[in-house]
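Enquirer: Dropping a structure here in structure tokens format, bear with me for questions.
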Amino acid sequence: MQNGQAIVRVEGLHKSFGSLEVLKGIDMEVDKGEVVVIFGRSGSGKSTLLRCVNFLEDPTEGTIEVSGVRLEGGHRTRQKREQIRQLRTHCGMVFQQFNLFPHMTALQNVMEGPVTVKGLDEGQCRAIGIETLAKVGLADKADEYPIRLSGGQQQRVAIARALAMEPDVMLFDEPTSALDPELIGEVLSVMTSLATDLHKTMMVVTHEMGFAREVADRMAFFHEGVILEEGTPDEIFRKTQFPETKRFLDAVL
Amino acid sequence: MALRSAGVPFRVKVAAVWAVIFALLGFLFWSASFDNQWIRENIGFIARGLLFTILIAVFGIVIAVILALLGALGRLSRNPVAYGVSGFYTSFFRGTPLIVQLFLFYLAMPRTALNLVDKFPNFLPQNFAQFFTLEAFQVGIIVLGLNYGAYMTEIFRAGIQSVSHGQSEAADALGMSYRQKMRRVVLPQAFRVVIPPTGNEFIAMMKDTALISVLGQSIESMELFRRAQLIGNADVKPLEALVTAAGLYWALTAIFTFFQSRLERRVSKGYVRAVAPTRTERRKVVLTGAAGGAPHGAASGYALDASDAPEDVAAAGHTHAGTFEAIEPLEPDEPEIPGHVPGREHQ
């Protein structure tokens, strides 16, 4: 798949929290339009990788490149902070806990990025907002506050909020883990349509193996801070190489 | 005995207790030959001090809120200058008595300013010292603002910290700058939490304005207590004057406490609301901790009525009274303040 159109490039990524090394040298490239599912046991570093990509965590060591913005890990300087902000506008992030702004309506949540960060005018953003909410099937909930939406609806608004910035890559950090089982489907189907209809580049940390099998172009199994096994869903599911991967798949399937 | 009184509502019993206390006090004052006539004649003079009392408190709280906001941002900052300055500020103003601060600003500042002018006559304008020679009520506003601002820094800090980390991350992930994140995401949510305790501080400050009387004031800018003291001493009616002053303070705080408790109820119900019992059809959605960053224990068993009108929580004061009236019966005894923040306990 690596044909030089990489949107995200991760090189030699290390991340430590104090003396605990969570990521022990990760190299990964994600091409335009590619959907990569990252899976593995909790504590294996998969969320940390995602959070390092948009610098919610500062990499201890290594290089991150998103849409041509290339940044080294380590100490934050003033100049770097500005570059981080620029890099983040290329990444849309969807959190496990949704993290919608509770004091704003669904539409205001979606408009917030374009208005505040991109500085576009309100009317234009309103149109973007409604259009984006329609993409996640929630145009009729535009004026609702998050608290009045179900978990699944909140997560779809959160996806719309990220999408409205027109990011080059969408980062999903266990987007369905906080949801009741009956609400997971609606979120996964929105994510599927992002991949298949809008051809979004996506990095998805999830335990939803059905989604992975159906939508992922590539899967990466994280184990103790490294990528132990990587391949197409077919390779991962049918020709599993490592016993750790096999054990994990047996446990979640 | 217990059986016979069981039918009497609790409120009525409490009212009876109050009535007895007032009767006792009335008897005491009567036996001390309390001069009602004097009070009737002079209450007007004393009450005119209310204007300055309220004025000082209002300007004081405005200064305090601004300082508390800056102080809190400083305390949460990683910038050593901001952190250090705000640390010094809160430490000093919380660590020294209010009355000492009043005298410091009233007496020491003009003196220091004069000496500075003597030392550096070429650098400082001639009216430099005049600028620091302030009326007692001006000193009162400044010192009360500084002092309360220091205490309220802690309230604001806690208020800002009560906004979940996820909110901050969501703002970061969108690419917001620190300033944008604070202005658009964190502070609007924090203000909701700090409004009730700020009301408390305002009420406390109204009483502390009485301390300014020790500085001595010119006749046209005297606050309530100073007026009571002067006229009480002049007519040798200290008891009557002081009781009048106390009564006026009490009435003032009672009025503001009433508004404060209403405000507190409304603001604290910003996000999480109980189901109105009158509704026949309800769609209950029991909130889980996952509810999009509801800042406090949203899992506390509240349910929300999905058919209610949404509420603009950003405009904390702007809520619909009717909605809250309707939900009263299901509330716990004390309205729970989300992210209740530690402040100074006032006596």
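Enquirer: If packing is taken as the average number of other Cβ atoms within 10 Å across a peptide's residues, how do A:235-244, A:159-168, A:72-81, A:38-47 rank, most packed first?
Expert: A:159-168, A:38-47, A:235-244, A:72-81
Enquirer: Then there is this: Could you compute how much accessible surface residue B:83 exposes when probed at 1.4 Å, giving the result in Å² to the nearest 10?
Expert: Approximately 110 Å² for this residue.
Enquirer: Next question, about the same structure. Got the relative contact order for chain A handy, in percent, Cα pairs under 8 Å and 6 or more residues apart?
Expert: 25 percent
Enquirer: Give, as a single signed number, the net charge of other residues whose beta carbon lies under 12 Å from the beta carbon of residue A:251, with Lys and Arg counted +1 and Asp and Glu -1.
Expert: +1
Enquirer: May I pose another question? Ordered by packing density, taken as the mean number of other Cβ atoms within 10 Å over each peptide's residues, highest first, how do B:63-75, A:128-140 rank?
Expert: Highest to lowest by the protection proxy: B:63-75, A:128-140.
Enquirer: Would you mind pulling out the separation of the Cα centroids of region B:1-62 and region B:240-268, in Å?
Expert: So the separation of the two Cα centres works out to 12 Å.
Enquirer: Cα centroid distance between region A:158-201 and region B:199-231, in Å?
Expert: Cα centroid to Cα centroid, the span is 61 Å.
Enquirer: Can I ask one more? Indicate the gyration tensor shape class of chain A (rounded, prolate or oblate), computed on the Cα atoms with a ≥ b ≥ c the square roots of the eigenvalues: a/c under 1.5 is rounded; otherwise a/b larger than b/c is prolate and the rest oblate.
Expert: oblate
Enquirer: Pick from A:96, A:153, A:83: which residue has the top mean-square fluctuation in a GNM of chain A where Cα pairs under 10 Å get a spring?
Expert: A:83
Enquirer: Next question, about the same structure. With the Cα gyration tensor of region A:86-181 giving a ≥ b ≥ c as the square roots of its eigenvalues, does the rule (a/c under 1.5 for rounded; else a/b larger than b/c for prolate; else oblate) give rounded, prolate or oblate?
Expert: Oblate, because a/c is 1.5 or more while a/b does not exceed b/c.
Enquirer: Running a GNM on chain A with Cα contacts under 10 Å, which residue among A:219, A:104, A:93 ends up with the highest mean-square fluctuation?
Expert: A:104
Enquirer: Tell me whether region B:105-163 comes out rounded, prolate or oblate; compute the Cα gyration tensor, take square roots of the eigenvalues as a ≥ b ≥ c, and use a/c under 1.5 as the rounded threshold.
Expert: prolate
Enquirer: Using only atoms on other chains, find how many Cβ atoms lie within 10 Å of each Cβ of peptide A:80-87 and report the average.
Expert: Going residue by residue through A:80-87 and averaging, the value is 2.
Enquirer: Further, regarding this structure: For region B:128-157 and region A:209-233, compute the distance between their C-alpha centroids and round to whole Å.
Expert: Each part reduced to its Cα centre gives a spacing of 61 Å.
Enquirer: Shifting gears a bit: So for region A:165-253, averaging the separation of alpha carbon pairs under 8 Å that are six or more residues apart and normalising by length, what relative contact order in percent results?
Expert: 23 percent
Enquirer: Okay, next question. At a probe radius of 1.4 Å, what is the per-residue accessible area of residue B:18, in Å² to the nearest 10?
Expert: 130 Å²
Enquirer: When Lys and Arg each count +1 and Asp and Glu each count -1, what net charge do the other residues less than 9 Å away from residue A:240, Cβ to Cβ, add up to?
Expert: Net charge around residue A:240: +1.
Enquirer: Which whole-number percent is the relative contact order of region B:26-160 (Cα, under 8 Å, 6+ apart)?
Expert: Across region B:26-160, relative contact order equals 41 percent.
The values are calculated or read from the model by the stated rules, or taken from the named source; none is laboratory data. Source: prediction; values computed, not measured. Methodologically, a virtual Cβ is constructed for each residue, glycine included, from the backbone with ideal geometry; neighbour enumeration extends over all protein chains shown. Please note that ligands, DNA and RNA were not included when accessible areas were found on the heavy atoms of the full protein model with its side chains. Shrake-Rupley method; radii C 1.70, N 1.55, O 1.52, S 1.80 Å.
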